[in-house]
Amino acid sequence: SKSDSRRLSFFARAFYSYADKYMLTATVRADASSVFSENHKWGCFPSFSAAWNMANEDWLKDVSWISNMKIRAGWGMVGNQGIPSYQTSYRYHTSSTATHDNPSHKVVTVASYDIPSRELKWETTSQYNAGIDLDFFDGRLVLTADGYYKVTEDLLQTKTLAASAGINNPYVNMGSISNTGFEISLNAVPVATKNVEWTIGGNFTLNRNKILSIDESGASTSQKFIYADQ
């Protein structure tokens, strides 16, 4: 067998910085994938972020032991098209069956073995995040902390059908999940000489995953069930 898929993408970014204190970034990308149907090939995924470098403010410039103090925040979207090709088209297979009156004589038949998923579209993930970067003593002590909230919707997964249907389980957009987390890291250089450098560091990560909606076997693809935090 042989399969083929195509991808077309456009990308644009704008960046603005004022006095190396206030920074804004805006990004947008448009992606088209051949694995989706004609009306759903394209997805648009924007993102925005802002940062404030407090270390360059006049009231902190004279604090010599602070090398960097930056607060960050942002929001963005990404898409996923990770499914096999041809899920939106009819696919056929051939088989041969012996006739009842002459077992040596076989009839070739052609039949479809799946249901085209005409409404398949991009799986999308939206994420909010905020963080802070702190550098002290010319980088000898570095602290980074980030918090985020991420939601993935229109999950691309297979819909389980009864075996008596006689066809493959189709791909559908079904369910959504969320991830909430916090990450912090601390790195230090207690000793830094011409011949010896000693670096120590540690990090802590916390993540909570929650199923917001999901389709159970036997339920329609539009039916959703709410589950408690895992």
Q: State which residue pairs qualify: first residue more than 23 Å from ASN169 (Cα to Cα) and inside segment 90-104, second residue open to solvent by 60 Å² or more (accessible area, probe 1.4 Å) and not in a strand (DSSP E or B) in any location, beta carbons under 6 Å apart, and separation of 6 or more residues or different chains.
A: THR99/HIS105
Q: Go through (1) out of contact with any Ser or Thr (no Cβ under 8 Å at 6 or more places or on another chain); (2) at pLDDT below 95; (3) under 24 Å from ILE115 (Cβ atoms) one by one and return the number of the condition GLN81 breaks.
A: (1)
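Being out of contact with any strand residue (DSSP E or B) (no Cβ under 6 Å at 6 or more places or on another chain), surrounded by 12 or more Cβ atoms within 10 Å (Cβ to Cβ) and at pLDDT 55 or above is the filter here, so list the residues in segment 204-220 that pass it.
Step one: of segment 204-220, the residues out of contact with any strand residue (DSSP E or B) (no Cβ under 6 Å at 6 or more places or on another chain) are 214-220.
Subsequent filtering for residues that are surrounded by 12 or more Cβ atoms within 10 Å (Cβ to Cβ) retains 214-215, 219.
ILE214, ASP215 - these are the residues of segment 204-220 that are out of contact with any strand residue (DSSP E or B) (no Cβ under 6 Å at 6 or more places or on another chain), surrounded by 12 or more Cβ atoms within 10 Å (Cβ to Cβ) and at pLDDT 55 or above.
Give SER64, SER17 a once-over and let me know the one that is free of Cβ contacts under 8 Å to residues at least 24 places away in the same chain, in a loop (DSSP other than H, G, I, E, B), over 30 Å from HIS93 (Cβ atoms) and open to solvent by 40 Å² or more (accessible area, probe 1.4 Å).
Matching residue, one of SER64, SER17: SER64.
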Q.
Condition first: basic (Lys, Arg) and either surrounded by 14 or more Cβ atoms within 10 Å (Cβ to Cβ) or assigned to a loop (DSSP other than H, G, I, E, B) (or both). Now tell me which residues in segment 103-140 satisfy that.
A. ARG118, LYS121, ARG140
Q. For segment 73-95, does any single residue satisfy the condition of being in contact with a Lys or Arg (Cβ under 6 Å, 6 or more places away or on another chain), loosely packed, with under 15 Cβ neighbours inside 10 Å and in a strand (DSSP E or B)?
A. no
(Q) Suppose we filter segment 147-195 for residues that are within 25 Å of ASN80 (Cα to Cα), assigned to a strand (DSSP E or B), free of Cβ contacts under 8 Å to residues at least 60 places away in the same chain and open to solvent by 30 Å² or more (accessible area, probe 1.4 Å); how many remain? (A) 11
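Out of all the residues in segment 32-48, which are in a strand (DSSP E or B) and open to solvent by less than 50 Å² (accessible area, probe 1.4 Å)? Steps first, please.
Taking segment 32-48 first, the residues in a strand (DSSP E or B) are 32-33, 42-48.
The answer is ALA32, SER33, GLY43, PHE45, PRO46, SER47.
Among ARG29, ARG7, which is the only one that is within 15 Å of GLY82 (Cα to Cα), within 19 Å of the chain's Cα centre (by Cα) and open to solvent by 50 Å² or more (accessible area, probe 1.4 Å)? Spell out how you get there, then give the answer.
Working: ARG29 fails: within 15 Å of GLY82 (Cα to Cα).
Matching residue, one of ARG29, ARG7: ARG7.
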Q.
Let me confirm something: among THR124, THR144, which residue is within 26 Å of ILE214 (Cβ to Cβ) and at pLDDT 95 or above?
A. THR124
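The values are calculated or read from the model by the stated rules, or taken from the named source; none is laboratory data. Just so it is clear, the structure is predicted and the values come from calculations on it, not from any experiment. No Cβ is skipped: glycine too gets one built from the backbone with ideal geometry, and neighbour counts run over all protein chains shown. Surface accessibility is based on the protein's heavy atoms, side chains included, excluding ligands, DNA and RNA. Shrake-Rupley method; radii C 1.70, N 1.55, O 1.52, S 1.80 Å.
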